[in-house]
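Asker: Before I ask anything, here is the structure I am working with.
The values are calculated or read from the model by the stated rules, or taken from the named source; none is laboratory data. Just so it is clear, the model here is predicted, and its values are computed rather than measured. FYI the Cβ positions are ideal-geometry reconstructions off the backbone, even for glycines, and counts take in every protein chain you see.
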Amino acid sequence: MNISEQREAVRPRARGTERSLARRAELISIGRKLFADTSYDALSMDDIARQAHVAKGLIYYYFQSKRGYYLAIIQDSVADLVAFAASGMDLPQVDRVQRTIDGYLRYAEHNQAAYRTIVSGGVGFDTEVHAIRDGVRAAIVATLAEGAYGRSDVPPLPRMALLSWVCSVEGATLEWIARPELSREVMGDLLVKTLGCCLRAIEELDPAFPAPVPARREG
């Protein structure tokens, strides 16, 4: 087979791969809407196939199982959250922090079932969901450290302090989406101020990591 024939043989496979990826992405998009406010246990594969207007076998073909489908949906959703948190690095620090926190709260507000699964560990003790959660935490901590100190590879003390803040945010956000008594704007402002307290505590314990000037502002 000459080079021209080889190229012609590859093209149909490439087109097939593109269609397959597009179909998979479409199913994930549908799943994100289905699971936005519905728990994992509340939807059967028959329910999913019926509401998605596809054959159940198609979902099995791409994701092997309901759990595989759900994990793919969570990973796709989390990728959006992490990408948004890491964006806007050219903004002033205060704006960048507020953007990150507002995006985080928006995600939790509009993807409540997925958010609860991520931060609570999924169905039982699901190591894969725990790994996704840990990845989100690490990405948020790295984004905060980059904004505060101009580097993401900070030593244990500031990293642990920032991680503690992120974990507290998870708990507060779970309570907030369950009982949204505060607006997202007020909730965001509260989280920004508690982050400022965290950064000042880091500076007190390790002066090599001074709190950025905006974090010092009161009121």
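Asker: How do the pairs read when you match residues in region 100-116 that are within 19 Å of GLY31 (Cβ to Cβ) and touching a residue at least 24 places away in the same chain (Cβ under 8 Å) with residues anywhere that are of a type outside the set (A, V, I, L, M, F, W, C) and in a helix (DSSP H, G or I), using Cβ under 6 Å and keeping only pairs 6 or more apart or on different chains?
Answerer: Every condition considered, the pairs that remain are ALA108/TYR115; ALA108/THR173; ASN111/SER77; ALA114/SER77.
Asker: Failed condition for SER65, given (1) modelled with pLDDT of 85 or more; (2) within 18 Å of the chain's Cα centre (by Cα), with all others met?
Answerer: With (1) modelled with pLDDT of 85 or more; (2) within 18 Å of the chain's Cα centre (by Cα) applied to SER65, the lone miss is (2).
Asker: Which residues, counting only those in region 71-88, are free of Cβ contacts under 8 Å to residues at least 40 places away in the same chain and out of contact with any Asp or Glu (no Cβ under 9 Å at 6 or more places or on another chain)?
Answerer: First, the residues of region 71-88 that are free of Cβ contacts under 8 Å to residues at least 40 places away in the same chain: 79-80, 83-84, 87-88.
ALA79, ASP80, ALA83, PHE84, SER87 - these are the residues of region 71-88 that are free of Cβ contacts under 8 Å to residues at least 40 places away in the same chain and out of contact with any Asp or Glu (no Cβ under 9 Å at 6 or more places or on another chain).
Asker: Can you confirm whether region 51-59 contains a residue that is of a type in the set (S, T, N, Q), in contact (Cβ under 8 Å) with a residue 24 or more places away in the chain and touching a helix residue (DSSP H, G or I) at 6+ places or on another chain (Cβ under 7 Å)?
Answerer: no
Asker: Of all residues in region 127-150 being under 15 Å from GLY68 (Cα atoms) and free of Cβ contacts under 8 Å to residues at least 40 places away in the same chain, which is surrounded by the most Cβ atoms within 10 Å (Cβ to Cβ)?
Answerer: So in region 127-150, the residues under 15 Å from GLY68 (Cα atoms) come out as 127-132.
Now drop any that are not free of Cβ contacts under 8 Å to residues at least 40 places away in the same chain, which leaves 127, 130-131.
On the way: THR127: 10, HIS130: 14, ALA131: 12.
Looking at the filtered set, the residue picked out is HIS130.
Asker: Out of all the residues in region 85-144, which are among the aromatic types (Phe, Trp, Tyr), modelled with pLDDT under 85 and in a helix (DSSP H, G or I)? Explain how you work it out, then say what you get.
Answerer: So the first thing to find is which residues in region 85-144 are among the aromatic types (Phe, Trp, Tyr), and the list is 104, 107, 115, 125.
When the remaining residues are screened for being modelled with pLDDT under 85, the result is 107, 115, 125.
Within region 85-144, TYR107, TYR115 meet the criteria.
Asker: While we're here: Among the residues of region 155-175, is any in a loop (DSSP other than H, G, I, E, B) and at pLDDT 95 or above?
Answerer: Within region 155-175 (the criterion being in a loop (DSSP other than H, G, I, E, B) and at pLDDT 95 or above), the answer is yes, since at least one residue qualifies.
Asker: Could you tell me how many of the residues in region 169-198 are among the basic types (Lys, Arg) and farther than 22 Å from VAL141 by Cα?
Answerer: The total comes to 1.
Asker: Looking at region 151-184, which of its residues are among the polar types (S, T, N, Q) and either in contact with a Gly (Cβ under 8 Å, 6 or more places away or on another chain) or surrounded by fewer than 18 Cβ atoms within 10 Å (Cβ to Cβ) (or both)? Show your work before the answer.
Answerer: Step one: filter region 151-184 for residues among the polar types (S, T, N, Q), giving 152, 164, 168, 173, 183.
The answer is SER152, SER164, SER168, SER183.
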